[in-house]
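The values are calculated or read from the model by the stated rules, or taken from the named source; none is laboratory data. Just so it is clear, the structure is predicted and the values come from calculations on it, not from any experiment. Cβ placement follows ideal geometry from the backbone for every residue including glycine, while neighbour counts extend to all protein chains displayed.
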Amino acid sequence: MANSSGKTIERVQIVLYVFFLFLWFISPNKPTLRLISVVLLVFFLSIQVIKILKRKKIYIIKPVLYYVLFTVWSLLSVIWAQNQSTAIDRITDVVCNSLFLVVSYDFFCEAKISKRGFVSIFVTIGILFAIYVFLYYGIGQYFSMLLAGRRVGGEIINVNFVGLVSTMTVIIILYSVLNDIYKNKLVLLLLIPLIIVALGSGSKKVLIGLVIGVLMIIVLYLKGKMTWKKIATIMLFFVLLIGSFFAIRRLPYFSTVFERMDVMVETLDRESSAEEGSTEARKEFIGRGFHTFLSYPITGIGLNNSGIITEDIIGREVYLHCNYVELLACVGFVGFMLYYAIYLDIFFKTIAMNKDGVEKNYLPIVIVVTLLVVEIGCVTYYEIKTSMYFILMIILLYKHNWETVCIHKKNNIRVPLDDDSMKSVKTTVTKERK
């Protein structure tokens with residue numbers, strides 16, 4: 001009975017977790033929805049804190065600890081910040097992220113969940129978000145805006161945010177299907193709306209991240225499996241695909257369609273008015289930000305104080321449009337290293353795991369590389385979505401007690417729910433019985 005009750009509570013927490021993140025993503029301009037999302041988070045945290053108090057122990061691991069230390073350093077930076085009120089405004093986000101990371105890790109570390117179930121949490125959030133983007137505008141209006149060359153999603157939240165969530169969901173699904181976490185290949189159909197939403201954001205960095213992420217997934221999957229015949233087949237496929245595209249493009253019947261597509265593609269090569277400053281201004285942001293770092297290399301000028309730099313350039317306070325320079329300028333080398341220690345830990349842990357042949361688990365390294373690409377052009381260190389992907393990567397790397405299923409009660413033979421060998425083990429057990 002106790003186990004059944006515990007399982008029910010875990011499922012409730014997972015539902016709270018999914019809907020908190022979904023509502024948080026869609027509610028920056030909707031106070032009521034934002035309040036509901038906070039209430040859901042409070043319920044999730046409260047349940048987990050009670051569990052921690054009962055067991056008198058909290059689970060924590062190096063990458064999570066690095067973010068906690070980054071939070072402490074950010075708090076200290078308020079002391080020397082040139083604009084303390086601005087630093088205090090941002091510190092709330094960083095502290096909440098830190099709490100979210102610690103409690104989320106503690107929950108998933110102990111949760112009785114299969115790898116498929118865990119990955120599905122993040123896929124569900126991404127799918128719900130993409131569906132909301134379509135429904136917010138209406139499908140017809142969405143495609144009209146897309147074909148007219150407009151960047152879609154800015155009325156909901158920052159377009160880079162829209163593109164990144166969709167891109168990450170594409171990468172997670174593709175990895176899961178290729179590695180049999182999802183057995184049903186029809187799941188790949190979910191990639192279509194997600195890719196449309198990612199492209200509709202019009203974010204160049206997100207598009208580059210999407211291409212790099214997908215290519216990495218495919219290359220790492222095919223590593224060690226390729227033959228010259230397979231290579232030739234793939235090359236022939238791409239040649240035919242490109243040839244067919246240009247052949248269809250030349251047909252007069254499709255001229256209007258491709259003219260509209262050209263307009264849409266052009267949006268990837270120009271900046272949106274919703275993004276602060278022009279390309280030249282952003283280059284100036286980065287240059288001035290790096291110069292500020294050289295002037296205050298250890299401590300920086302204080303968390304979220306980058307507005308002091310941009311105000312001299314464009315007459316208003318905005319962030320530096322580069323996560324690396326933002327951290328270097330605001331929290332110095334110490335804060336920068338504490339934050340990116342998370343990426344380094346995940347990167348080397350993934351390499352070590354795959355090198356040792358423990359299991360084929362390269363999704364974390366693909367997510368890290370994708371984030372590193374996207375962060376060249378945007379600031380993400382304080383966003384809840386970044387912490388969400390940290391949790392995904394950390395749990396995939398460090399959790400070893402995935403839920404299993406018992407297939408032979410007498411000998412207590414158990415296999416992971418997602419293990420491809422389940423069928424063969426069942427067959428062996430059956431033969432033993434005979």
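Data for the structure
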read-out: Residue among L35, L21, L65 that alone is farther than 30 Å from E155 by Cα and not aromatic (F, W, Y); value: L65
read-out: Residue satisfying all of: in segment 108-151; hydrophobic (A, V, I, L, M, F, W, C) and in a loop (DSSP other than H, G, I, E, B); nearest to S387 (Cα to Cα) among these; value: A111
read-out: Unmet requirement for I50, which otherwise passes all of (1) in contact (Cβ under 8 Å) with a residue 24 or more places away in the chain; (2) not assigned by TED's automatic domain parsing to the domain that holds I346; value: (1)
read-out: Qualifying residue in segment 46-64 (condition: among the aromatic types (F, W, Y) and in a helix (DSSP H, G or I)); value: no
read-out: Criterion (more than 18 Å from S74 (Cβ to Cβ), touching a helix residue (DSSP H, G or I) at 6+ places or on another chain (Cβ under 9 Å), of a type outside the set (S, T, Y) and part of a helix (DSSP H, G or I)) met by exactly one of V373, V325; value: V373
read-out: Residues of segment 328-370 satisfying the condition of being of a type in the set (S, T, N, Q) and assigned to a loop (DSSP other than H, G, I, E, B); value: N361
read-out: Any hit, segment 187-205, residues being in a loop (DSSP other than H, G, I, E, B), surrounded by fewer than 21 Cβ atoms within 10 Å (Cβ to Cβ) and modelled with pLDDT under 90; value: no
read-out: Candidates E326, E317 - the one that is buried (at least 22 other Cβ atoms within 10 Å of the Cβ), closer than 16 Å to T86 by Cα and either among the acidic types (D, E) or not assigned by TED's automatic domain parsing to the domain that holds I91 (or both); value: E326
read-out: Of all residues in segment 330-369 being small (G, A, S) and at pLDDT below 95, the one that is nearest to the chain's Cα centre (by Cα); value: A352
read-out: Complete set of residues in segment 146-171 that are surrounded by fewer than 17 Cβ atoms within 10 Å (Cβ to Cβ) and among the aliphatic types (A, V, I, L, M); value: L147, A148
read-out: Lone qualifier among K115, K62 - being more than 25 Å from T167 (Cβ to Cβ) and assigned by TED's automatic domain parsing to the domain that holds L397; value: K62
